[in-house]
Amino acid sequence: MGSRIQVFMMVISIQMLVIAAQQRKNQDYVALKALMDNLNNLPPSWAGLDPCGESWEGIMCTNSRVTSIKLASMNLTGQLSGDLQYLYELQILDLSYNKGLTGPLPPPIGNMKKLSSLILVGCSFSGLIPDTIGSLQQLVYLSLNSNSFTGPIPPSLGNLSNLYWLDLADNKLTGTIPVSNGTTPGLDMLVHTKHFHFGSNQLNGEIPSKLFSSSMVLIHLLLENNQLIGKIPANLGLVQTLEVVRLDRNSLSGSVPSNLNNLSHVNELFLSNNKLTGPIPNLTGMNFLNYVDMSNNTFDISDVPRWFSTILSLTTLKMEQTRLQGELPVALFSLPQLQTVILRNNEINGTLDIGSTYSNQLQLVDLQNNFISGFTQRAGYNIELILVNNPICQETGTTEGYCTIKQSNSSYSTLANNCLPGQCSSDQISSPNCKCAYPYTGTLFFRSPSFSDLRNTSIYTILQNSLMHSFQSSLLPVDSVSLSNPSKNLVDYLVLSLEVFPSGQDRFSRTEISGIGFVLSNQTFKPPPMFGPFFFIGDPYGYFAGVTSSGTKKSSHTGIIIGAAAGASVLVLLLLLAGFYALHQKKRAERATKQNNPFGSWDPNKSSGSIPQLKGARCFSFEELKKCTNNFSDANGIGSGGYGKVYRGTLPTGQLVAIKRAQQGSKQGGLEFKTEIELLSRVHHKNVVSLVGFCFEQGEQMLVYEFIPNGTLRESVSGKSGIRLDWARRLRVALGAAKGLQYLHVLANPPIIHRDIKSNNILLDERLNAKVADFGLSKLMGDAEKGHVTTQVKGTMGYLDPEYYMTQQLTEKSDVYSFGVLLLELITARSPIEKGKYIVREVKRAMDKTKDLYNLHGILDPAIVLGTSLKGLENFADLAMSCVEESGTDRPTMSEVVKEIENIMQLAGLNPNAESASTSASYEGASRGYEHPYSNESLFAYSGGFVPSRLEPQ
Ligand SMILES: *[C@@H]1O[C@H](CO)[C@@H](O)[C@H](O)[C@H]1NC(C)=O
């Protein structure tokens, strides 16, 4: 007996020795051990003694030291231990979305001097934010939002000189916003911080004037839903970098400082639900404003201000109960991007006229409780107009639709691509690609989107695409994402449910979930600018081991016996229920099929009537296209890309077509596909490649284009195609391409910005007519000639407008820049970036206007220099250089470009109106085998943008 105990004791002490040795070898283990002692549901892989040697999920090491802990959405419960401080090398700590994490944030956390990201979003931490955080000198991201922290914002945060992101929103913080006073630090010292997100707390006192200075680089100032009082400090006008300002839902008083309109970069301005007085702010000059809400203040009684109809970028105007009087100007409604006007509870009078050129994105005009006595009725309004409680509705007893309030419906759900319903077992969910799986779910909150029309489905497609892009570039195995249930919450955040589906498996691993969580918690995912600042709250996830061990297996014996006795009668009931259920499912399936196939009710043989928006495009059956491509044979393949393949086909009429066939994974939802072909079918011009038809059948999505036989301009300029382009021909090609682009900018309805003009997207037909192809990245514009669309930067390097790249403000002038590069390419035959040399800079450098041919001999394409006279080349170079001017406003419009090319042609003795010549004489019959222009993968990825609601299928 005794000896056994001795052996036992010896084993224990040897183990302890081993542990001690390991501890010395890796002190990080001590800290993690403390974490393990205090937390439940840590990954089962946290076993053994060396966090860096074995594969501990959520841990990353550098040189055998723990540098990153990412445990988002691990279902962790418990409290943090102060021993965390011994992780001296830790740089990233992300414990977001663990609702079971409670208690205070231990002050010793301030000893982790290497920490650059401290991310604890959506947990249940409480108590004070420790002052010691102010000593984390390396901190770049500090996200403590959506917890239960109390007390003041520690002034020491002012010492975080590297801080970029400060999110303390949605806690229970009190006290004033701290500013420095010579002895103590304050947030005014954070001159490198771009984000102050303090909304939904209980902060009080005045907004300190000292907080703002011209040395700040703040872009998002979010103070909404607090208890702030006093005046808005005039110093706010000094922070010229601001893009989003939310001061709504406080008790701010006094008049709004008149220099507010100095903030010329602001896109979203919320001053609503305060006690502001004085004149209605004059926002003239805030030319990038998208969304304005100043509702529920007691401004001086005032006529409708002039700026209402001068800010071209406005999407949303909310001025409820602001004591507005007088008539609404008709010009307001023709602001090109206008979506929503809410001016309830004012004293607006007169006759309402929305005009005939109102914005094609206009969705809602709500003028309840005003004094409007008449309405100029015009044909075909497709907007929701509410005039309830106006004399026009009260006195005339009219029964017009605008005298009742309808429930507007903004439901959205990512459409599955014709999945069979009921395929998945009860607890799995079908992905948009019809794969049954356990998705990771959560909620996205956008704190100030620039749009207000939630029925425009293209915005969700854009968001889905950018989420997918973000997950894929983080190398996460994501099959697809699904968005649903858009709504605005009480503080006007856009709220969306998100489901993320795994790829190649039916369930994510812990490492993958923490990776996805981190992409969202750490803001690695940058949504397109129109969505503004966001945060995400992840739901708990059912990990593999956790699910099987709980619940289902533990049925007791008594349960089974009772169950058997009751069985017979229950069985009858169950059968009945099953019958009803089957019927219900069938109905549901039918409904779902209808939704998934928006063409379902169309009769493709009737070219008119039910499909008014499809101009000239045909609906092909799968069989038809299969036949004309010889069963999609490889021999007919003419290009491929990420979206799928392009085939050449011959229709029974003999017409040659190029068929773009989306492959699994690159298909869009049915409605998006329909919207896209509706857009493409409206574009008809001899210098633009036109859509012949489409196929949406048997799960296929195909676009059928006219076949353009002579390939791309790039191939011809580079000499690959064998087509000789002399100076005259180049001028003709330039003119054709310019006219095509001019058509898209000026004449297409709605106007389109191409976004990817390049020589690979200019095709040449048999008569060498230039045709603009691939609106894959196109953005629809509003009706007006001016205005811009804020959007994700897309395009091709070398052609990309630097101004657009810097500001992300897309205008037609970005296309003009790309076109200028194309013109330079036409005379030099060089790629825009060749051997590290940028064509624009090279031409600029070589150019000497005092010399013959501007001294460009050395850089010109030898193929044209050899030819005949180069009359007009100088003017051509001038035109190209004006197109690539740094500032968009200095560049010509496409109409001016067309005119100038026509002038140059006349200088060169050519008739700009003559048809191009046939190419046969100089076609040197080179082998084809080129990469076909249709192979650009972007066309199928087209995701709308600001698709006007009138274009949308109902
Ligand atoms: C608003 O500001 C603009 C530019 O600062 C000015 O021209 C205009 O007169 C102002 N309007 C009013 C009503 O004060």
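The values are calculated or read from the model by the stated rules, or taken from the named source; none is laboratory data. Just so it is clear, the structure is predicted and the values come from calculations on it, not from any experiment. Note that we place each Cβ from the backbone using ideal geometry, even for glycine, and neighbour counts take in every protein chain shown.
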**OP:** State yes or no: is residue 265 closer than 23 Å to residue 158 by Cα and either within 16 Å of the ligand (Cβ to nearest atom) or not aromatic (Phe, Trp, Tyr) (or both)?
**Re:** no
Original post:
What single numbered condition from (1) within 28 Å of residue 356 (Cβ to Cβ); (2) buried (at least 18 other Cβ atoms within 10 Å of the Cβ); (3) touching a Phe, Trp or Tyr at 6+ places or on another chain (Cβ under 6 Å) fails to hold for residue 291?
Top reply: (3)
Original post:
What residue, among those in region 253-262 that are within 16 Å of the ligand (Cβ to nearest atom) and outside any helix (DSSP H, G or I), is farthest from residue 234 (Cα to Cα)?
Top reply: 255
Original post:
Assuming residue 350 fulfils every condition listed in (1) more than 19 Å from residue 236 (Cα to Cα); (2) more than 16 Å from the ligand (Cβ to nearest atom); (3) crowded, with 16+ Cβ neighbours inside 10 Å apart from one, which condition is it?
Top reply: (3)
Original post:
Only one of (1) in contact with a strand residue (DSSP E or B) (Cβ under 9 Å, 6 or more places away or on another chain); (2) over 24 Å from residue 447 (Cα atoms) is not met by residue 145, so which one is it?
Top reply: (2)
Subject >> Output for region 848-868, where each listed residue is surrounded by fewer than 17 Cβ atoms within 10 Å (Cβ to Cβ) and farther than 22 Å from residue 719 by Cβ >> reply: 848, 849, 850, 851, 852, 855
Subject >> Test for residue 359: is it under 26 Å from the mean Cα position of the chain (by Cα) and under 24 Å from residue 454 (Cβ atoms) >> reply: yes
**OP:** Looking for whichever is surrounded by fewer than 19 Cβ atoms within 10 Å (Cβ to Cβ) and in contact with a strand residue (DSSP E or B) (Cβ under 7 Å, 6 or more places away or on another chain) here; the options are 182, 199, 237, 230. Which one fits?
**Re:** 230
Subject >> Count of residues meeting criterion [in contact (Cβ under 8 Å) with a residue 60 or more places away in the chain and either on the phi > 0 side of the Ramachandran plot or assigned to a loop (DSSP other than H, G, I, E, B) (or both)] in region 421-441 >> reply: 9
**OP:** Confirm whether residue 494 is without any contact (Cβ under 8 Å) to a residue 40 or more places away in the chain and within 25 Å of residue 226 (Cβ to Cβ).
**Re:** no
Subject >> Residue list for region 155-179, restricted to those being surrounded by fewer than 21 Cβ atoms within 10 Å (Cβ to Cβ) and touching a residue at least 60 places away in the same chain (Cβ under 8 Å) >> reply: 165
Subject >> Selection count, region 294-307, where residues are crowded, with 22+ Cβ neighbours inside 10 Å, within 16 Å of the ligand (Cβ to nearest atom) and over 27 Å from the mean Cα position of the chain (by Cα) >> reply: 0
Subject >> Restricting region 59-77 to residues that are surrounded by fewer than 24 Cβ atoms within 10 Å (Cβ to Cβ) and part of a loop (DSSP other than H, G, I, E, B), the residue that is nearest to the chain's Cα centre (by Cα) >> reply: 75
**OP:** Kindly indicate whether any position in region 309-319 is within 15 Å of the ligand (Cβ to nearest atom), among the small types (Gly, Ala, Ser) and either touching an Asp or Glu at 6+ places or on another chain (Cβ under 8 Å) or farther than 22 Å from residue 339 by Cβ (or both).
**Re:** no
Original post:
Restricting the search to region 503-538, which residues are under 23 Å from residue 437 (Cα atoms), surrounded by 21 or more Cβ atoms within 10 Å (Cβ to Cβ) and out of contact with any Leu (no Cβ under 9 Å at 6 or more places or on another chain)?
Top reply: 513, 518
Original post:
Scanning region 724-758 for residues that are surrounded by fewer than 23 Cβ atoms within 10 Å (Cβ to Cβ) and of a type in the set (Gly, Ala, Ser), which turns out nearest to residue 871 (Cα to Cα)?
Top reply: 728
**OP:** Select from region 125-174 the residues that are touching a Gly at 6+ places or on another chain (Cβ under 9 Å), of a type in the set (Phe, Trp, Tyr) and not in a loop (DSSP other than H, G, I, E, B) and list them in ascending order.
**Re:** 149
Original post:
Are any residues in region 93-110 within 17 Å of residue 68 (Cβ to Cβ) and free of Cβ contacts under 8 Å to residues at least 60 places away in the same chain, and if so, which ones?
Top reply: 93, 95, 98, 109
Original post:
Would you call residue 273 away from the ligand (no atom under 16 Å from the Cβ) and over 22 Å from residue 192 (Cβ atoms)?
Top reply: yes
Subject >> Pairs with Cβ under 8 Å, 6+ apart, first in region 250-272 and more than 26 Å from residue 174 (Cβ to Cβ) and of a type in the set (S, T, N, Q), second within 15 Å of the ligand (Cβ to nearest atom) and not in a loop (DSSP other than H, G, I, E, B) >> reply: 259/237; 262/237
Subject >> Lone unmet requirement of (1) touching a strand residue (DSSP E or B) at 6+ places or on another chain (Cβ under 8 Å); (2) of a type outside the set (D, E, K, R); (3) at pLDDT 95 or above; (4) in a helix (DSSP H, G or I) for residue 530 >> reply: (3)
Original post:
Of everything in region 276-288 that's within 12 Å of the ligand (Cβ to nearest atom) and either touching a residue at least 40 places away in the same chain (Cβ under 8 Å) or within 33 Å of the chain's Cα centre (by Cα) (or both), which residue is surrounded by the fewest Cβ atoms within 10 Å (Cβ to Cβ)?
Top reply: 284
